[in-house]
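The values are calculated or read from the model by the stated rules, or taken from the named source; none is laboratory data. Just so it is clear, the model here is predicted, and its values are computed rather than measured. In this analysis, Cβ positions are derived from the backbone assuming ideal geometry, glycine residues included, and neighbour counts consider all displayed protein chains. Surface areas here come from the heavy atoms of the whole protein model, side chains and all, with no ligands, DNA or RNA. Shrake-Rupley method; radii C 1.70, N 1.55, O 1.52, S 1.80 Å.
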Amino acid sequence: AALDATIAAARAGGIQHLTARVDVADLATMGALEARGFRTMDALVTYIMRPVKDPPVDVRTVGTIRESRPEDGAAILSITEEAYRGYRGRFHLDPHLPSDRADALYLEWARQCLAGTMADIILVSENSDGEVIGYLAYRRRQPMSSVGMPIFGGGLGACRRDSPGAYASLIRDATIWSHARGGMGEYQTQNYNFAVIRVYEAAGAHYVRAEYTLHAWLG
């Protein structure tokens with residue numbers, strides 16, 4: 001009944017696209033969504049690092065990690081454009097969404113991070129020539145979790161294709177930043193993105209949950 005009311009209200013309001021995220025164990029909700037035209041578009045895994053209990057491992061550092069400065073904006077946008085062009089995420093896999101608009105979404109996400117509306121901090125990795133080779137935008141996802149501490153994560157990150165090793169040290173330093181504020185570091189990626197999963201595990205993160213993302217087209 002809740003799903004039917006939501007879909008009816010969305011149609012009445014002219015909304016064409018809906019997204020739902022469901023725990024992989026919640027097969028009943030999956031079935032209810034699929035019966036109403038939702039299609040599975042993504043499968044996410046979540047890793048965490050808790051303060052005190054899960055100190056980040058001292059991974060190999062690629063580049064110098066520092067907080068971003070206003071003059072880093074152009075490099076961050078360039079890295080985003082390169083990294084997410086044709087990216088096999090849920091927006092690119094949805095046949096109702098044009099690929100060029102899916103590319104543009106990640107670029108706009110990066111712009112909002114730079115503006116401070118979708119990130120509390122942006123860490124960058126800088127090579128010996130002073131060039132930005134990677135970044136990680138990070139934010140407080142919710143004021144307080146069920147375990148009694150803030151959760152930091154849910155940002156956007158990318159590295160130049162010639163410098164993929166920079167990501168591990170960005171994850172480590174972002175976790176140190178969140179732990180210093182009494183918070184938990186939380187990271188998500190697709191369940192098939194083994195390269196990033198290995199980075200999370202190398203940095204000391206622990207797997208905690210998996211979710212399916214479903215889309216419905218109401219247009």
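Restrict the check to region 114-122 and report whether at least one residue is at pLDDT 95 or above, within 26 Å of Arg198 (Cα to Cα) and touching a Ser or Thr at 6+ places or on another chain (Cβ under 9 Å).
Within region 114-122, one or more residues are at pLDDT 95 or above, within 26 Å of Arg198 (Cα to Cα) and touching a Ser or Thr at 6+ places or on another chain (Cβ under 9 Å).
What are the pairs, 6+ residues apart or on separate chains, where a residue within region 40-67 that is over 16 Å from Ile176 (Cβ atoms) and polar (S, T, N, Q) has its Cβ under 6 Å from a residue that is assigned to a strand (DSSP E or B) and open to solvent by 20 Å² or more (accessible area, probe 1.4 Å)?
Filtered contacts from region 40-67: Thr40/Tyr212; Thr46/Gln188; Thr46/Val208; Thr46/Arg209.
Residues being free of Cβ contacts under 8 Å to residues at least 60 places away in the same chain and either touching a helix residue (DSSP H, G or I) at 6+ places or on another chain (Cβ under 7 Å) or open to solvent by 20 Å² or more (accessible area, probe 1.4 Å) (or both): count how many of those fall in region 174-185.
3
Are any residues in region 18-46 over 24 Å from the mean Cα position of the chain (by Cα), under 17 Å from Pro95 (Cα atoms) and open to solvent by 60 Å² or more (accessible area, probe 1.4 Å), and if so, which ones?
The answer is Glu34, and nothing else.
Right, Ile15: over 23 Å from Tyr187 (Cβ atoms) and either open to solvent by less than 60 Å² (accessible area, probe 1.4 Å) or among the β-branched types (Val, Ile, Thr) (or both) or not?
The answer is yes for Ile15.
Go through region 125-173 residue by residue and tally those that are modelled with pLDDT of 90 or more, open to solvent by 30 Å² or more (accessible area, probe 1.4 Å) and over 18 Å from the mean Cα position of the chain (by Cα).
6
Can you tell me how many residues in region 47-102 are open to solvent by less than 60 Å² (accessible area, probe 1.4 Å), of a type in the set (D, E, K, R) and not in a helix (DSSP H, G or I)?
Count: 3.
With respect to Ser125, determine if the residue is hydroxyl-bearing (Ser, Thr, Tyr) and touching a Leu at 6+ places or on another chain (Cβ under 7 Å).
yes
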